[in-house]
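Coordinate-derived values only; no laboratory data. Being a predicted model, the structure only gives us computed values, none of them experimental. Using ideal geometry, Cβ is built from the backbone for each residue, glycine included, and neighbour counts are taken over all protein chains shown.
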Amino acid sequence: MRKFLFFFLLSATVLVLGGAGCITVGGSAPAAIDGGVFKSVDGGLTWAQRTQIFAIGGERKDFSKDVMTGLIFDPADHNALYATGINTGLLFSYAGGMAWQRPEQIKAGTVSSVTVDSKNKCLIFVALGNLIFKSEDCSRSFLAVYQEGRPEVRLTNVVIDPNSSLVLYAGNSVGDFLKSTDGGKNWVVTKRFENPLAKVIINPTNSKIIYVATQEKGLYRSNDAGENWTEMNEGLKKYGGAYIYHDLVLVDPKAESFLLASQYGLIKTEDAGVTWEAIDLLTPPNGADIRVVAVNPKNVKEIFYATPTTFYKSVDGGLEWGNQKLPSVRPPSFLLIDSNDPKIMYLGFGQPIKK
């Protein structure tokens, strides 16, 4: 029988540091201000809300109530962060989550995805509704480079090839996979998955290898830059609910190992989806509503995941688990670990659950 490790803090004092967006917690935060982005510098033991906006005049000075959808690092500078949320516009911080800013052209609306070029930090693409915008001057100005012709269809993903600033990929809410080879000027659909595209991942060791997670039809892999695709689903069939996507992490790019969070639970592959193995959790299969998952990039045995109320950690690859309350009463929407310093982590929180 697995031992249940209580290595997290079981209780903590809520400390108000003064001003919106400066709340340090080890348990639950007050419901009125428990949205936005939280940061930990001790591997998830304690969390501090980081939602202050550098604003002028009467503009909103924090996003502590906002519903967040995503967060990415600038590949060349992990102090530079880009956050997205529902009706939040685009947010960016050049100080590790302090003093957030909004670009003038994207101060509102729901941004579904943002990507930053690994070779040029001022080259940024943003998916907003049925449009893709491009900035070449570090978010000072944006120009629309793609518009989906069907107004009801929204863009869900946009990513840049780490080896070529001219090559971009995008996905949308009806399952079309798009590709541009001229920096976003022209786009073609190379595959129709006929299910919303939830995530697009480029293998950093070989950018021709691309992975796609659909919302309800499993995972797919391309080894020729999106022209042809194979399923990664055969080994998932024995796990009921495994096709219902919650989150996906590329653990080892060379081995093409993944950790999938699905309706079933946590499932891992170490051979690009040829075989899959379920990770034993404290809850039975289909018994944990896992919203986000992350793996320490410097120690792959250190796994984190979160349900709507609880934050879990394993230090032995999932054999034993410890837990603590989340720093919010909202369900988590993303969990991001800094590969340069894995003690630094970011949590975002989504729509409050209606009781």
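Normalising by residue count, the stretch 67-231 has a Cα convex hull of 107 Å³ per residue. Computed over the alpha carbons of the stretch 94-167, Rg followed by Dmax gives 12.6, 38 Å. Could you name the lysines in cross-link range of Lys134, using Cα to Cα under 21 Å and dropping any fewer than eight places away on the same chain? Reachable lysines: Lys107, Lys119, Lys121, Lys179, Lys185, Lys199.
Shape class for the stretch 169-247: prolate, because the ratio a/c of the largest to smallest gyration tensor axis (alpha-carbon atoms, square roots of eigenvalues) is 1.5 or more and a/b beats b/c. Relative contact order, whole percent, for the stretch 84-184 stands at 19, derived from Cα pairs under 8 Å and 6 or more residues apart.
Sites counted here are GluC sites (Glu not before Pro) in a DSSP loop (not H, G, I, E or B) having no more than 16 other Cβ atoms within 10 Å; the longest part of the chain that contains none of them is 60-135.
Restricting the trypsin sites (Lys or Arg not before Pro) of the stretch 264-350 to loop positions (DSSP other than H, G, I, E, B) with no more than 15 neighbouring Cβ atoms within 10 Å leaves Lys298, Lys301, Lys343. Binning the C-alpha pair distances of the chain at 10 Å intervals from 0 yields a P(r) profile of 5, 25, 35, 26, 8, 1 %, listed from the shortest bin outward. Restricting everything to alpha-carbon atoms, can you work out Rg to Rh for the stretch 211-355 with a Kirkwood hydrodynamic radius? In the stretch 211-355, Rg relative to Rh is 0.96.
Legend: ranking of residues Met68, Met345 from fewest to most surrounding C-beta atoms inside 10 Å; resulting order Met345, Met68.
Over the stretch 186-297, the pair-distance histogram of Cα-Cα distances with 5 Å bins from zero comes to 2, 12, 23, 26, 19, 11, 5, 2, 0, 0 percent, rounded to whole numbers. The label point for Arg150 and the one for His78, both projected 7 Å from the Cα toward the Cβ, are 4.0 nm apart. Each label was represented as a point 7 Å from its Cα along the Cα-to-Cβ direction; for Ile353 and Ala99 these points are 3.8 nm apart.
The shape of the stretch 299-355 comes out oblate: with a ≥ b ≥ c from the C-alpha gyration tensor, a/c is at least 1.5 while a/b does not beat b/c.
Over the chain, calculate the relative contact order: mean separation of alpha carbon pairs under 8 Å at least 6 apart, over the residue count, as a percent. The partial results should precede the final answer.
Details: 992 pairs, mean separation 49.4, N = 355.
Across the chain, relative contact order equals 14 percent.
Listed by chain and number, the aspartates and glutamates whose C-alpha is less than 15 Å from the C-alpha of Lys343, apart from same-chain residues fewer than 8 away, are Asp42, Glu302.
Our summary gives the stretch 106-147 a relative contact order of 29 percent, counting only alpha carbon pairs under 8 angstrom and 6 or more residues apart.
Its Cα centre serving as origin, the chain has a Cβ charge dipole (Lys and Arg +1, Asp and Glu -1) of approximately 720 debye. Subtracting the Cα-Cα distance of Leu143 and Glu277 from 0.36 nm times their residue separation leaves 43.8 nm of extension gain. When each of the peptides 206-212, 87-93 is scored by how many other beta carbons lie within 10 Å of its residues on average, the order from highest to lowest is 87-93, 206-212.
The number of Lys pairs in the stretch 236-325 with C-alpha atoms less than 28 Å apart, excluding pairs fewer than 8 positions apart on the same chain, is 21. Does the stretch 163-206 classify as rounded, prolate or oblate by the C-alpha gyration tensor (a ≥ b ≥ c root eigenvalues; a/c under 1.5 gives rounded; else a/b over b/c gives prolate, otherwise oblate)? Judged from the Cα gyration tensor, the stretch 163-206 comes out oblate (a/c at least 1.5, b/c at or above a/b).
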